[in-house]
Amino acid sequence: MINNPSPKRNTHLRKRSGIRWRYLTLAVLGLVVLCVSRPAFSPQARVVQPPGPLTSETAVVDALPPLEMEPVITVEKRVVRTGDTLYDILKEWGVPDLGILKAAETRVDGIRPSRLVAGRNYRLYVQGERLVEYQYEPDDMRFLKIVFGEGVPAVTVEPIPYEIVRVSVSGVIEGSLFGAVETIGEKPVLAMDLADIFAWQVDFFRDLRRGDSFVALVDKYYRDGEFVRYGRIAAAQFVNNGTSHKAFLNRQQGGRGDYFDETGGSLQRQFLKAPLRFRRISSGFSTRRLHPVTGKVVPHLGVDYAAPTGTPIMAIGDGKVVMVKRDAANGRIIKVRHNSVYSSAYAHMNSFASGMKVGTRVRQGQIIGYVGSTGRATGPHLHFAMYRNGRYVDPRRISVPRATSVPKADLELYKASIRKLDVLLRGGLTEQVAEGGGDADVLR
Ligand SMILES: [Zn+2]
């Protein structure tokens with residue numbers, strides 16, 4: 001039923017199918033005879049295994065298998081393109097309409113098989129010329145599996161099988177954080193993750209110095225021997241201009257967890273160090289130079305961040321918008337009052353975020369506008385200023401209270417849990433100093 005080759009199948013299959021089917025029929029007959037003595041022969045081709053979450057490489061079997069061979073199962077790894085539908089994908093392999101319909105209307109763990117998102121991966125397990133299994137990955141954790149056998153296709157959702165390796169990665173900043181991460185063979189996203197963790201301690205746009213260093217303990221997820229992604233950083237240390245900052249992921253309160261230092265104090269502060277998010281800056285841009293400061297004018301009451309037009313600007317802390325206007329000098333400017341003492345201002349914006357008007361409440365990290373070059377500006381940049389009791393202050397000179405710490409009741413457990421991580425961090429950094437170059441060491 002489901003197995004029959006369909007005339008609608010694509011051309012390269014049709015060409016081969018005549019010969020293929022004759023051989024296949026013979027092969028099946030041969031198998032019936034040979035089944036008993038099976039362990040004696042081993043097929044020369046890829047994988048002979050039941051369709052399952054594990055995997056062979058994409059394999060195109062060009063040579064026809066010898067007569068007595070069981071058709072091998074090959075895996076085709078594909079990416080959903082815009083406009084792809086489950087119907088078209090399955091129809092290509094001759095799955096009958098009723099089977100597709102039955103599979104499509106099943107809903108497992110909130111996943112609808114018919115809903116495909118462009119860019120996501122899917123796999124086709126093909127035996128001979130028959131589609132035996134279809135796997136689609138709606139996210140990085142799970143895959144939806146449709147097994148085509150006798151009767152109605154079976155739809156299940158299973159976790160993606162990863163090999164997880166915890167590594168210690170460390171590096172020294174020469175030109176940029178992205179550069180340092182690239183030098184040790186890691187992906188740019190690791191630089192972004194680090195910058196997110198220490199966003200309250202370090203201004204990654206302006207404060208990095210040659211010789212700054214980092215070490216991070218992080219899980220690397222591999223599938224079929226290929227790196228897929230990082231887990232959340234378990235622990236990290238960042239040494240900026242001689243000052244060391246440590247962070248440990250604490251999941252005692254459940255959820256995604258938050259980062260705390262070695263004493264159990266939160267890394268989060270009332271104000272972010274920079275009003276731009278490192279993650280939003282392309283690596284190409286930030287590798288250009290260490291201190292992207294444009295045209296410093298004296299006296300210059302503020303800090304300039306060169307960034308591409310359209311880069312989102314964040315409020316550095318919770319507060320209330322007290323000024324939204326455009327004038328000749330500042331261009332589009334927003335001022336936020338954080339409390340009775342501090343306020344901050346953001347100038348030369350290309351545009352305001354929607355909903356920004358006097359009286360609007362904003363949260364820390366909320367996007368309030370976009371980088372531009374309105375007003376007196378030589379190029380796209382953000383002019384950022386902070387005020388204490390109405391007078392300009394250097395944002396780097398103010399010390400602000402931290403957010404919540406690890407609760408007293410949990411503190412002992414927390415400290416015990418980070419002890420081993422702390423030792424590993426130290427190991428990473430010592431090695432860094434000794435060898436002068438970072439590398440990824442497998443720790444377990
Ligand atoms: Zn400025």
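The values are calculated or read from the model by the stated rules, or taken from the named source; none is laboratory data. Everything numeric here is computed off the predicted structure, so don't read it as measured data. Cβ: placed from backbone, ideal geometry, glycine included. Neighbour counts: every protein chain shown.
Return a yes/no flag: does the stretch 161-176 have any residue that is over 22 Å from the mean Cα position of the chain (by Cα), hydroxyl-bearing (Ser, Thr, Tyr) and over 26 Å from Asp224 (Cβ atoms).
No, the stretch 161-176 contains no residue that is over 22 Å from the mean Cα position of the chain (by Cα), hydroxyl-bearing (Ser, Thr, Tyr) and over 26 Å from Asp224 (Cβ atoms).
Just to be sure, is Asn250 of a type in the set (S, T, N, Q), surrounded by fewer than 20 Cβ atoms within 10 Å (Cβ to Cβ), within 22 Å of Ile418 (Cα to Cα) and at pLDDT below 95?
Yes.
For the structure I just gave you, tell me whether Phe248 is aromatic (Phe, Trp, Tyr), outside any helix (DSSP H, G or I) and either assigned by TED's automatic domain parsing to the domain that holds Tyr414 or on the phi > 0 side of the Ramachandran plot (or both).
yes
Among what's in the stretch 362-396 and is among the hydroxyl-bearing types (Ser, Thr, Tyr) and within 16 Å of the ligand (Cβ to nearest atom), pick the residue that is nearest to the chain's Cα centre (by Cα).
Ser373
Quick check: is even one residue across the stretch 395-405 surrounded by 13 or more Cβ atoms within 10 Å (Cβ to Cβ), modelled with pLDDT of 90 or more and out of contact with any Lys or Arg (no Cβ under 7 Å at 6 or more places or on another chain)?
Taking every residue of the stretch 395-405 in turn, none turns out to be surrounded by 13 or more Cβ atoms within 10 Å (Cβ to Cβ), modelled with pLDDT of 90 or more and out of contact with any Lys or Arg (no Cβ under 7 Å at 6 or more places or on another chain).
Taking interchain pairs and intrachain pairs at least six residues apart, which have beta carbon atoms under 6 angstrom, with the first residue in the stretch 110-128 and in contact (Cβ under 8 Å) with a residue 12 or more places away in the chain and the second in a strand (DSSP E or B) and of a type in the set (D, E, K, R)?
Tyr122/Arg78; Arg123/Lys77; Leu124/Glu76; Tyr125/Glu133
Which residues, counting only those in the stretch 251-277, are assigned to a loop (DSSP other than H, G, I, E, B) and among the small types (Gly, Ala, Ser)?
Residues satisfying the conditions are Gly254, Gly255, Gly257, Gly264, Gly265, Ala274.
What are the residues in the stretch 328-361 that are modelled with pLDDT of 95 or more, within 16 Å of the ligand (Cβ to nearest atom) and at negative phi, if any?
Within the stretch 328-361, Arg332, Ile333, Ile334, Lys335, Ser344, Ala345, Tyr346, Ala347, Met349, Asn350 meet the criteria.
Which residue pairs have Cβ atoms closer than 7 Å, lie 6 or more positions apart in sequence or on different chains, and pair a first residue in the stretch 81-109 that is farther than 14 Å from Tyr136 by Cβ and in the same structural domain as Pro153 (by TED's automatic domain parsing) with a second residue that is exposed (fewer than 14 other Cβ atoms within 10 Å of the Cβ) and modelled with pLDDT of 90 or more?
Partner pairs satisfying both residue conditions: Thr82/Ala118.
A quick yes/no check of all residues on (1) buried (at least 19 other Cβ atoms within 10 Å of the Cβ); (2) within 16 Å of the ligand (Cβ to nearest atom); (3) modelled with pLDDT of 50 or more:
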residue	(1), (2), (3)
Tyr259	yes, no, yes
Gly264	no, no, yes
Arg279	no, no, yes
Arg289	no, no, no
Pro292	no, yes, no
Val297	no, yes, no
